[in-house]
Amino acid sequence: MIDDRRSLHGETRRHRVGLVRRVLLGALGATAAGMVLAACAGPIGIMAGESVRPLDPAVPTLTVAVVAADDSTALASSLELFGVVQETDETGQLTVEWRPSEELVRIAASAPGFEPGSVDLAELPEGGMITLTLDPVILEGTVTAADGRPLPGAEVELGRIAARTDELGGFQISRAVAGDLRLSRPAWEPSVVSWDGNDLSVSLTMEPRMIRALRVAGDKAGSRATWAALLELADTTGVNAFVVDTKSEDGTIYHDTEVALAHEIGAVQSHYDLAKIIQDMDDHGLYKITRIVTFQDDFLGKARPAIAARDVTTGEPWRNNKGIRWLDPTDRGSWDYPLALAEEACRGGFDEIQFDYVRFPSDGDISTLDFDELTTNNYYSEESQKIRIDTITAFLTEAHSRLHPMGCAVAADIFAITLESRSDEGIGQSPRALSNAIDVLSPMVYSYTYGPGWGGWENPNEHATELVTRALDAGMPKLEGFGIYRPWIQRAFIEAEEILAIQQVAEDRDMGWMLWSANTSFRETHLPPPERE
């Protein structure tokens, strides 16, 4: 019994100890659990991801876009807003914080080449965006000769913007920014005029190039010795240009042309390398002119009789006193060949294309001549004269329309008598008409070609300087358009002193000159010194 009681007593003690332990552990557990719940549980009604504090209201913003009025493209510009100047991004936009104000909020924009613009806002516009449209700065002007004649076809550059003058010499440049205006036009001196950006209407003038040229026959250009001597002569005198033959009086072509027809009709006799003589003239700082005989062409007249002037007595192509055939200027099929040669010469590097024999025939029995649009039955009637003038003017207008955009000036050799005559002298050349069609009119003022009694002189060649002065002065009022005179003057049959005097007559009238020699023979005594400007 004793053992059993002890056993019971022992169990009782263990039971009590265990109970205490369970009570203590339960209390501790409840406390820990309460702590965990307190740590994990938030305020009542707060969901995961929400802030304990409410967010501030969104800050209002304003986006300003700047565009061009002329084409609606985005403009990189400067914006002044709330007293701060900032730049738009590449899309022409800027976003800023909107600041409410009791006063109007002014937004001012500016961009190079555009008039400044601004807008006043009383409140933030719906959608938070506004567009400012800027008008371009437009510079207008005219380009004229010193005597006030308008110069069409002149290029005016301002920075990267270029414009070309119209028939009245007017031009317009949009998005103009202050800088240098660069003027250029074939046969005229390039110039630079500073523009300050303030006056939006300008009047500009140009001066013709002062050309002092020597005539170089095609075969002479192909002679190494003669060519070298001519270049040296240019280096040591006031000469600044050569006139090199491309096509001769009988139709011979002096270089290996790419115009296939020239080879087909057997007209090519390659004397010089075109690229080489162009490079040589460039190296010596020379203005480069080529001479192309136009409607007198024995090769083409023989090979293509359908486009040749006809002899009514034989039905064959008409021939002049030297037996050379002529093309029919009234047949436009005769135009293609000389124009193709001219375009090739321009692409090859010449600065100016000079058409010679660009007229109707004169040296032969013209009573037997017959053309597609003209007969000799009433050759000297006003109607026939109009046909001739219109024909030659139309050909040169076509040449100008092709060559001027290529950068070449267009010139024509004309009979000097037309400067003083009231008619076209039967050849279709009118200085008035041609001055509206081409850049340079080159009267061949050779005193030895004038007959006794001209100007009251028994021998006009003894009065060469006076004769040239009279002819040029008589021709000046006939320049109605943009064309200028640059005369051919003679080297033969007068002394060196008179050659220099005639050159001065031309230069005094801002004309320049070209010295003709049939065999390309010149001496330093025929030419001005290099310092003469």
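Return the subset of LYS302/LYS322; LYS220/LYS302; LYS220/LYS276; LYS288/LYS322; LYS302/LYS386 for which the Cα-Cα distance in this structure is over 25 Å, preserving the input order. Intermediate values should be presented prior to the final figure.
Working: LYS302/LYS322 15 Å; LYS220/LYS302 27 Å; LYS220/LYS276 14 Å; LYS288/LYS322 30 Å; LYS302/LYS386 28 Å.
Where the Cα-Cα span goes over 25 Å, the pairs concerned are LYS220/LYS302; LYS288/LYS322; LYS302/LYS386.
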- May I ask you to derive the FRET efficiency for THR449 and ILE161 from their Cβ-Cβ distance with R0 = 45 Å, giving the value to the nearest 0.05? 0.35
- Message: With θ taken as phi - 60° and the coefficients 6.51, -1.76 and 1.60, list the Karplus ³J(HN,Hα) couplings across segment 182-195 in order, rounded to whole Hz; mark glycine and proline as x.
- Response: 9, 10, 8, 7, x, 6, 10, 5, x, 8, 10, 10, 6, 10
- Considering only DSSP states other than H, G, I, E and B, which GluC sites (Glu not before Pro) in segment 440-511 qualify as loop sites with at most 14 other Cβ atoms within 10 Å? GLU458, GLU480, GLU495
- Query: Expressed as a whole percent, how much of the Cα-Cα distance distribution for segment 408-476 exceeds 18 Å?
  - Reply: 38
- Message: Rounded, prolate or oblate for segment 148-229? Axes are the square roots of the Cα gyration tensor eigenvalues, ordered a ≥ b ≥ c, and the cut-off for rounded is a/c under 1.5.
- Response: prolate
- Task: Between the alpha-carbon centers of segment 370-419 and segment 168-185, tell me the distance in whole angstrom.
- Result: 33
- Query: How many angstrom lie between the C-alpha centres of segment 75-125 and segment 190-241?
  - Reply: 53
- Note on the structure: Cα-Cα pairs in the chain separated by more than 33 Å, as a whole percent of all pairs, come to 58
- Taking segment 484-533, which chymotrypsin sites (Phe, Trp or Tyr not before Pro) meet the DSSP loop condition and have no more than 16 other C-beta atoms within 10 Å? PHE493
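Checking a compactness column here: for segment 228-313, what do you get for Rg(Cα) / (2.2 N^0.38 Å), N being the number of residues? Please list the in-between numbers first.
Numbers: Rg = 16.3 Å, N = 86, 2.2 N^0.38 = 12.0 Å.
Normalised Cα radius of gyration, segment 228-313: 1.36.
Which order, highest average first, do 292-298, 224-230 follow once you tally other Cβ atoms within 10 Å for each residue and take the mean per peptide? Don't skip to the answer; put the middle values down first.
On the way: 292-298: 25.1, 224-230: 14.6.
The densest-packed peptide leads the list: 292-298, 224-230.
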- Fully extended, how many nm does the chain gain between GLN93 and ASP390 (0.36 nm per residue separation, minus their Cα-Cα distance)? 101.0 nm
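If we count other beta carbons within 10 Å of each Cβ, what is the order of LYS478, LYS386, LYS220, fewest first? Please report the intermediate quantities before stating the final value.
Values: LYS478 18, LYS386 13, LYS220 22.
Ranked by crowding around the Cβ, least crowded first: LYS386, LYS478, LYS220.
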- Where in the chain are the DSSP H helices whose alpha-carbon span along the long axis reaches 15 Å or more and whose Kyte-Doolittle mean is at least -1.0? 2-40, 224-236, 336-348, 382-403, 464-475, 496-508
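With each run of n ≥ 4 DSSP H residues scored as -39500 (n - 2.57), what mean residue ellipticity at 222 nm is computed for the chain after dividing by its residue count and rounding to the nearest 500 deg cm²/dmol? Before the final figure, lay out the partial values.
Details: 11 runs with 141 residues, N = 533.
It comes out at -8500 deg cm²/dmol, rounded to the nearest 500.
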- Query: How are the C-alpha pair distances of segment 61-134 spread across 10 Å bins, as whole percents from the shortest bin up?
  - Reply: 20, 57, 21, 1
- Which percentage, to the nearest 5, of the DSSP beta bridges contained in the chain is antiparallel? 50
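Take the Cβ-Cβ distance between SER118 and VAL202 as r, set R0 to 22 Å, and report the resulting FRET efficiency rounded to the nearest 0.05. Numbers along the way, then the final one.
Values: r = 28 Å, r/R0 = 1.26.
Rounded to the nearest 0.05, the efficiency is 0.20.
Values quoted throughout were computed directly from the atomic coordinates according to the rules given, and no laboratory measurement underlies them. A quick note: this is a predicted structure, and the numbers were derived from the prediction, not measured. Positions of Cβ are backbone-derived with ideal geometry, glycine not excepted, and every protein chain shown enters the neighbour counts.
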